[in-house]
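Trainee: To start, I am sharing the structure in question, which I have written as structure tokens.
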Amino acid sequence: MKKRIIKLIIFLIITLSSFIYTLKKINNITIDLDKETLNILLESSDTINSKNRIINKIVSTIKDTNIINPISIVLQNYNKKVEIKKINQNNNENNNENVKIEEIRKPRIYIYNTHQNEKYISTKDININYTVLDASFYLQKRLKEYGLESIVETSSIQDILNTNNWNYASSYRVSRMYLEKRKKENDSLTLFIDLHRDSVNKKISTISINNKKYAKTMFLLGLENKNYKNNEKILNKLENWLNKNYEGLSRGIYEKKGKGVNGIYNQDFSEYCILIEVGGEENTYEEVENSIDVIAEMIIKNFGDLIV
């Protein structure tokens, strides 16, 4: 008789422990067994489904438990954990394609603006000046539609300049700091795009192709980078593609060196570090977006092996 009582007590203790464990694990909700907390949880609309699962779990547990052998309730949970572990192992062993998909989803492209505050003309409807940073976010959106993940730099260049009392020409020094930092944080990054806006008038910075207006693009190449020939090769490839598919959209490759200019533009960081001007200060943001659509297509068509 005493043995049966002891078994019953053990059974009740294990059952209660399992019940508490189940409550805590469902939806990762931490629950104290005071009446007030339970009432709040059960009355909450977010926990109605959890409540039903709790009840079903209790019923199922009691139904499948051997009262004579109460330790069976522990074995039930253990066996289920083992089954889940086996399933996870099978997924890791047999679903290599899923792993590859996850790799593709890592950010491959870093988009930044050394001159973040460069603005386009304000819209007619509302007085808003879109900037090159807005253009970067739009490029990120278009790339994502192609299935490519990217990072847009949002940290302020100007704040670093002000803090260190650096002049505007030191902007490339700051963007270099961000380049190195983001690459260290995301070793998957392979393509680096510095978006700018030129200061030429609209006649020079605008073109109509098939009755659609675009903000003209221009590549900048720093000749004081000792390996600039590698960068030049990449830019020539892009320039040729634009001329072939959107004739007149590109204003060409502008080479810069000498006194009073940067001459490198962080292109020594990687041969795939590209500086591209999109439009001028008189371009509308709609014209800029049309050009960004083309730039996104250009990236897909010319850097497939690099970014996928």
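Trainee: Kindly check whether there is at least one residue in segment 279-298 that is over 21 Å from Ile207 (Cβ atoms) and acidic (Asp, Glu).
Mentor: Of the residues in segment 279-298, the ones over 21 Å from Ile207 (Cβ atoms) are none.
There is no residue in segment 279-298 that is over 21 Å from Ile207 (Cβ atoms) and acidic (Asp, Glu).
Trainee: Further, regarding this structure: Quick check, is Lys226 without any contact (Cβ under 8 Å) to a residue 60 or more places away in the chain, in the same structural domain as Asn127 (by TED's automatic domain parsing), outside any strand (DSSP E or B) and surrounded by fewer than 20 Cβ atoms within 10 Å (Cβ to Cβ)?
Mentor: Numbers: without any contact (Cβ under 8 Å) to a residue 60 or more places away in the chain: yes; in the same structural domain as Asn127 (by TED's automatic domain parsing): yes; outside any strand (DSSP E or B): yes; surrounded by fewer than 20 Cβ atoms within 10 Å (Cβ to Cβ): yes.
The answer is yes for Lys226.
Trainee: Assess whether Glu277 counts as being acidic (Asp, Glu), closer than 30 Å to Asn164 by Cα, assigned to a strand (DSSP E or B) and modelled with pLDDT of 95 or more. Show your work before the answer.
Mentor: Numbers: acidic (Asp, Glu): yes; closer than 30 Å to Asn164 by Cα: yes; assigned to a strand (DSSP E or B): yes; modelled with pLDDT of 95 or more: yes.
For Glu277, the condition - acidic (Asp, Glu), closer than 30 Å to Asn164 by Cα, assigned to a strand (DSSP E or B) and modelled with pLDDT of 95 or more - is met.
Trainee: Only one of (1) at negative phi; (2) part of a loop (DSSP other than H, G, I, E, B) is not met by Gly260, so which one is it?
Mentor: (1)
Trainee: What are the pairs with Cβ atoms under 6 angstrom where one residue, in segment 284-299, is in the same structural domain as Lys213 (by TED's automatic domain parsing) and the other, located anywhere, is in a helix (DSSP H, G or I) and hydroxyl-bearing (Ser, Thr, Tyr)? Sequence gap at least six, or different chains.
Mentor: Here the result reads Glu289/Tyr138; Ile292/Tyr138, each pair linking segment 284-299 to a residue that is in a helix (DSSP H, G or I) and hydroxyl-bearing (Ser, Thr, Tyr).
Trainee: How about segment 110-187: which helices (runs of 4 or more DSSP H) wholly inside it have at least 1 residues that are more than 19 Å from Glu282 (Cβ to Cβ) and touching a residue at least 60 places away in the same chain (Cβ under 8 Å)?
Mentor: In segment 110-187, 132-145, 171-185 are the helices (runs of 4 or more DSSP H) which contain 1 or more residues that are more than 19 Å from Glu282 (Cβ to Cβ) and touching a residue at least 60 places away in the same chain (Cβ under 8 Å).
Trainee: Filtering segment 119-138 down to residues that are closer than 16 Å to Glu277 by Cα and touching a strand residue (DSSP E or B) at 6+ places or on another chain (Cβ under 6 Å), which residue is surrounded by the most Cβ atoms within 10 Å (Cβ to Cβ)? Outline the logic, then answer.
Mentor: Applying the first criterion (closer than 16 Å to Glu277 by Cα) to segment 119-138 yields 119-121, 130-138.
After this cut, where a residue has to be touching a strand residue (DSSP E or B) at 6+ places or on another chain (Cβ under 6 Å) as well, the list is 119, 131-132, 135-137.
On the way: Lys119: 15, Thr131: 19, Val132: 23, Ala135: 27, Ser136: 24, Phe137: 14.
Restricting to residues being closer than 16 Å to Glu277 by Cα and touching a strand residue (DSSP E or B) at 6+ places or on another chain (Cβ under 6 Å), the top hit is Ala135.
Trainee: Also: Determine whether segment 185-204 contains at least one residue that is closer than 22 Å to Val308 by Cα and exposed (fewer than 13 other Cβ atoms within 10 Å of the Cβ). Steps first, answer last, please.
Mentor: Initial filter on segment 185-204 (closer than 22 Å to Val308 by Cα): 185-195.
Okay, now just the ones that are also exposed (fewer than 13 other Cβ atoms within 10 Å of the Cβ), so 185, 187.
Yes; the residues of segment 185-204 include at least one that is closer than 22 Å to Val308 by Cα and exposed (fewer than 13 other Cβ atoms within 10 Å of the Cβ).
Trainee: Next question. Out of all the residues in segment 249-266, is one or more closer than 22 Å to Arg108 by Cα and either aromatic (Phe, Trp, Tyr) or exposed (fewer than 13 other Cβ atoms within 10 Å of the Cβ) (or both)? Break it down into steps so the answer makes sense when it comes.
Mentor: The first filter runs over segment 249-266 and keeps only residues closer than 22 Å to Arg108 by Cα, leaving 265-266.
If we keep only those that are either aromatic (Phe, Trp, Tyr) or exposed (fewer than 13 other Cβ atoms within 10 Å of the Cβ) (or both) as well, we get 265.
The answer is yes; a qualifying residue exists.
So that you can scan it fast, the table gives a plain yes or no per residue for (1) on the phi > 0 side of the Ramachandran plot; (2) out of contact with any helix residue (DSSP H, G or I) (no Cβ under 7 Å at 6 or more places or on another chain); (3) at pLDDT 95 or above; (4) not polar (S, T, N, Q):
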residue: Thr206; (1), (2), (3), (4): no, no, yes, no
residue: Lys212; (1), (2), (3), (4): no, no, yes, yes
residue: Asn231; (1), (2), (3), (4): no, yes, yes, no
residue: Leu235; (1), (2), (3), (4): no, yes, yes, yes
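Trainee: Looking at segment 221-255, which of its residues are under 16 Å from Asp194 (Cβ atoms) and among the hydroxyl-bearing types (Ser, Thr, Tyr)?
Mentor: Those that are under 16 Å from Asp194 (Cβ atoms) and among the hydroxyl-bearing types (Ser, Thr, Tyr): Tyr228, Tyr254.
Trainee: Kindly list the number of the only condition in (1) assigned to a loop (DSSP other than H, G, I, E, B); (2) under 25 Å from Tyr178 (Cβ atoms) that fails for Val288.
Mentor: Looking at each condition in turn, Val288 falls short on (1).
Trainee: Right, next: Tell me whether segment 197-214 contains one or more residues that are over 21 Å from Leu242 (Cα atoms), part of a loop (DSSP other than H, G, I, E, B), assigned by TED's automatic domain parsing to the domain that holds Thr131 and touching a residue at least 24 places away in the same chain (Cβ under 8 Å).
Mentor: Checking segment 197-214: at least one residue is over 21 Å from Leu242 (Cα atoms), part of a loop (DSSP other than H, G, I, E, B), assigned by TED's automatic domain parsing to the domain that holds Thr131 and touching a residue at least 24 places away in the same chain (Cβ under 8 Å).
The values are calculated or read from the model by the stated rules, or taken from the named source; none is laboratory data. Model, not experiment: these values are computed from the prediction. Neighbour counts run over all protein chains shown; Cβ positions are idealised from the backbone, glycine included.
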